[in-house]
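Chemist: Here it is, the structure in full.
The values are calculated or read from the model by the stated rules, or taken from the named source; none is laboratory data. Here the structure is a predicted model, which means the values were calculated and not measured. Here the Cβ positions follow ideal geometry from the backbone for every residue, glycine too, while neighbour counts run over all protein chains shown. Each accessible area value is taken on the protein alone, full model and side chains, heavy atoms only, with ligands, DNA and RNA left out. Shrake-Rupley method; radii C 1.70, N 1.55, O 1.52, S 1.80 Å.
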Amino acid sequence: MINDDILDRLATQVIELPSWAFGNSGTRFKVFAQAGVPRNPREKIADAAKVNELTGLAPKVALQIPWDKVDDYASLRSYAEDFGVELGTVNSNTFQDDDYKFGSLTHWDPRIRQKAIDHHFDCIDVMDATGSRDLKIWLADGTNYPGQDDIRARQDRLADSLQQIYARIGDDQRLVLEYKFFEPAFYHMDVPDWGTAYTQVLALGDKAHVCLDTGHHAPGTNIEFIVAQLLRLGRLGSFDFNSRFYADDDLIVGSADPFQLFRILYEVVRGDGFGPDSGVAFMLDQCHNIEKKIPGQIRSVLNVQEMTARALLVDRDALATAQAAGDVLGAHEIFNDAFYTDVRPALADWREKRGLPANPMKAYAASGYQEQIEADRVGGEQAGWGA
Ligand code: AOS
Ligand code: MN
């Protein structure tokens with residue numbers, strides 16, 4: 001059952017919200033705009049702070065440059081801190097400029113590569129102002145046809161570009177490289193899998209790590225194995241949590257496969273990847289196209305909290321004994337017992353004891369915040385993916 005030790009560990013949980021979760025988003029077929037959507041980074045931060053206010057789980061907001069470009073990042077940092085949240089990971093963007101049609105850090109043209117490198121230098125300047133630790137690099141780089149470019153030479157160019165960026169980050173900063181097996185390139189991606197990301201970050205140095213986006217694997221991939229391996233290698237820097245049925249759907253984390261999320265979080269706990277000193281950032285990377293943005297984020301952070309609690313419930317001594325005895329069914333039952341434990345009542349009681357609403361989803365619905373932002377945020381240009 002949920003005991004004080006587990007509750008104490010859960011109290012340290014920090015989930016970083018992506019600023020872009022609050023903007024309009026959609027697919028290549030349609031973006032359905034929503035009333036009340038932020039028009040600027042400050043309004044995004046206010047919405048993220050609301051999620052944190054009701055859950056106590058989300059005191060950090062990740063930025064994306066240029067989507068969150070402002071003239072004064074130090075002022076944005078102060079604004080966020082006034083809301084009780086910090087500015088977190090800075091996400092670069094070398095996937096929406098026409099110059100990057102054939103790649104960015106991997107491009108055959110040194111002028112284009114330098115432009116992409118310089119963009120990352122700008123992101124590091126932002127980090128210096130916001131106090132962010134992580135520079136997250138996700139590249140849309142790749143090719144659509146065999147023979148289009150030299151896929152090996154692209155790895156060499158990528159390594160050289162990353163080395164120049166890595167040389168610029170500060171002693172207390174990190175570079176996290178995110179992989180994705182497809183999209184937007186269709187034949188090959190230049191950072192398609194954890195092995196490539198690991199190889200590239202290993203060549204850089206101790207401040208370089210891998211970002212694992214849970215939506216970036218082929219169907220059927222054993223993601224928790226990758227988690228265990230990267231933790232064992234000391235190179236799991238962060239998660240981009242979301243959920244998928246088929247592609248990179250960016251749905252509410254845990255909504256498609258809560259058991260998979262539990263298995264991932266068990267390996268995080270088992271591999272010492274959970275806790276304030278773990279060095280593993282829990283970030284959401286989701287775009288809620290049809291549901292309201294703020295409650296979608298609240299549901300997401302609660303899903304992570306609930307599965308983390310269940311992962312912490314696994315009786316690891318009994319499991320180790322069963323494993324050592326080759327007790328297949330016994331070990332499986334011990335593992336699943338934790339997954340089948342409904343932790344929601346205990347978490348609701350715990351929230352109330354900490355001055356938080358027992359049911360954050362109901363509390364948000366009753367708060368009037370959604371109605372207020374829909375009434376206030378009229379006019380201006382709503383935030384979106386900027387594509
Ligand atoms: C894109 O598919 C990746 O998941 C990125 O992590 C994310 O959407 C990007 O970081 C936003 O800049
Ligand atoms: Mn991602």
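Chemist: Conditions first: (1) surrounded by fewer than 18 Cβ atoms within 10 Å (Cβ to Cβ); (2) not in a helix (DSSP H, G or I). LEU202 passes all but one, so which condition is the exception?
Modeler: Of the numbered conditions (1) surrounded by fewer than 18 Cβ atoms within 10 Å (Cβ to Cβ); (2) not in a helix (DSSP H, G or I), the odd one out for LEU202 is (2).
Chemist: Further, regarding this structure: Somewhere in the stretch 105-123, is a residue among the β-branched types (Val, Ile, Thr), in contact with a helix residue (DSSP H, G or I) (Cβ under 8 Å, 6 or more places away or on another chain) and within 16 Å of ligand 2 (Cβ to nearest atom)? First the steps, then the outcome.
Modeler: Let us first name the residues in the stretch 105-123 that are among the β-branched types (Val, Ile, Thr), namely 106, 112, 117.
Next cut, in contact with a helix residue (DSSP H, G or I) (Cβ under 8 Å, 6 or more places away or on another chain) only: 106, 112, 117.
In the following step, the residues that additionally are within 16 Å of ligand 2 (Cβ to nearest atom) were identified as none.
No, the conditions are met nowhere in the stretch 105-123.
Chemist: Go through (1) in contact (Cβ under 8 Å) with a residue 24 or more places away in the chain; (2) open to solvent by 30 Å² or more (accessible area, probe 1.4 Å); (3) in contact with an Asp or Glu (Cβ under 7 Å, 6 or more places away or on another chain) and name the single condition MET283 misses.
Modeler: Among (1) in contact (Cβ under 8 Å) with a residue 24 or more places away in the chain; (2) open to solvent by 30 Å² or more (accessible area, probe 1.4 Å); (3) in contact with an Asp or Glu (Cβ under 7 Å, 6 or more places away or on another chain), MET283 violates only (2).
Chemist: Conditions: (1) more than 14 Å from ligand 1 (Cβ to nearest atom); (2) more than 29 Å from ASP156 (Cβ to Cβ); (3) open to solvent by less than 60 Å² (accessible area, probe 1.4 Å). GLY220 meets all but one. Number of the miss?
Modeler: (3)
Chemist: Pairs, please: C-beta under 6 Å, at least 6 apart or cross-chain, first residue closer than 14 Å to SER132 by Cβ and open to solvent by 60 Å² or more (accessible area, probe 1.4 Å) and in the stretch 69-83, second part of a helix (DSSP H, G or I) and at pLDDT 95 or above?
Modeler: These pairs meet every condition: ARG77/THR130.
Chemist: Right, here's the next one. Are there any strands (runs of 3 or more DSSP E) wholly within the stretch 45-145 with 2 or more residues that are over 17 Å from GLU178 (Cβ atoms), and if so which? Talk me through it step by step, then tell me what you get.
Modeler: On the way: elements: 60-64, 86-91, 134-138.
By residue number, 60-64, 86-91.
Chemist: Here are some residues: GLN297, GLN260, GLN286. Which one is modelled with pLDDT of 95 or more and either over 14 Å from the mean Cα position of the chain (by Cα) or more than 16 Å from ligand 2 (Cβ to nearest atom) (or both)?
Modeler: GLN260
Chemist: Please go through (1) surrounded by fewer than 17 Cβ atoms within 10 Å (Cβ to Cβ); (2) within 16 Å of ligand 2 (Cβ to nearest atom) for SER92 and return the number of the only condition it doesn't satisfy.
Modeler: Answer for SER92: the failing condition is (1).
Chemist: In addition: With respect to LEU63, determine if the residue is out of contact with any Asp or Glu (no Cβ under 8 Å at 6 or more places or on another chain), in contact (Cβ under 8 Å) with a residue 60 or more places away in the chain and buried (at least 24 other Cβ atoms within 10 Å of the Cβ). Write out each step before concluding.
Modeler: Values: out of contact with any Asp or Glu (no Cβ under 8 Å at 6 or more places or on another chain): yes; in contact (Cβ under 8 Å) with a residue 60 or more places away in the chain: yes; buried (at least 24 other Cβ atoms within 10 Å of the Cβ): yes.
Answer is yes for this residue.
Chemist: Further question: Any residue in the stretch 315-327 that's touching a residue at least 12 places away in the same chain (Cβ under 8 Å): show its pairings with residues that are in a helix (DSSP H, G or I) at Cβ separation under 6 Å, as long as the two are six or more apart or on different chains.
Modeler: Short answer, once both residue conditions are applied: ASP315/ILE334; ALA318/ILE334; LEU319/ALA331; LEU319/ILE334; ALA322/GLY330; ALA322/ALA331; ALA322/ILE334.
Chemist: Further question on the same structure: I'd like the full set of residues that are among the hydrophobic types (A, V, I, L, M, F, W, C) and surrounded by 14 or more Cβ atoms within 10 Å (Cβ to Cβ), limited to the stretch 122-156.
Modeler: Initial filter on the stretch 122-156 (among the hydrophobic types (A, V, I, L, M, F, W, C)): 123-124, 126-127, 129, 135, 137-140, 151, 153.
Residues satisfying the conditions are CYS123, ILE124, VAL126, MET127, ALA129, LEU135, ILE137, TRP138, LEU139, ALA140, ILE151.
Chemist: Hey, can you tell me all the residues within the stretch 261-300 that are hydrophobic (A, V, I, L, M, F, W, C) and more than 16 Å from PRO59 (Cα to Cα)? It would help to see each step written out before you state the result.
Modeler: Restricting attention to the stretch 261-300, the residues satisfying the condition of being hydrophobic (A, V, I, L, M, F, W, C) are 261-262, 264-265, 268-269, 274, 280-284, 287, 290, 294, 298.
Passing the criteria: LEU261, PHE262, ILE264, LEU265, VAL268, VAL269, PHE274, CYS287, ILE290.
Chemist: Cβ-Cβ distance below 6 Å, separation of 6 or more or different chains: which pairs start in the stretch 343-361 with a residue that is on the phi < 0 side of the Ramachandran plot and among the charged types (D, E, K, R) and end on one that is open to solvent by less than 40 Å² (accessible area, probe 1.4 Å) and at pLDDT 95 or above?
Modeler: Short answer, once both residue conditions are applied: ARG351/ALA358; GLU352/ALA358.
Chemist: Please go through the stretch 11-43 and give me each residue that is open to solvent by less than 10 Å² (accessible area, probe 1.4 Å) and over 16 Å from MET283 (Cα atoms), ordered by number.
Modeler: GLY23, SER25, GLY36, VAL37, PRO38, listed by residue number.
Chemist: If you check every pair at least six apart or on different chains, which have Cβ atoms under 7 Å apart with a residue in the stretch 1-17 that is within 8 Å of GLY275 (Cα to Cα) first and a residue that is surrounded by fewer than 11 Cβ atoms within 10 Å (Cβ to Cβ) second?
Modeler: Close Cβ pairs (under 7 Å, with a partner that is surrounded by fewer than 11 Cβ atoms within 10 Å (Cβ to Cβ)) amount to THR12/PRO276.
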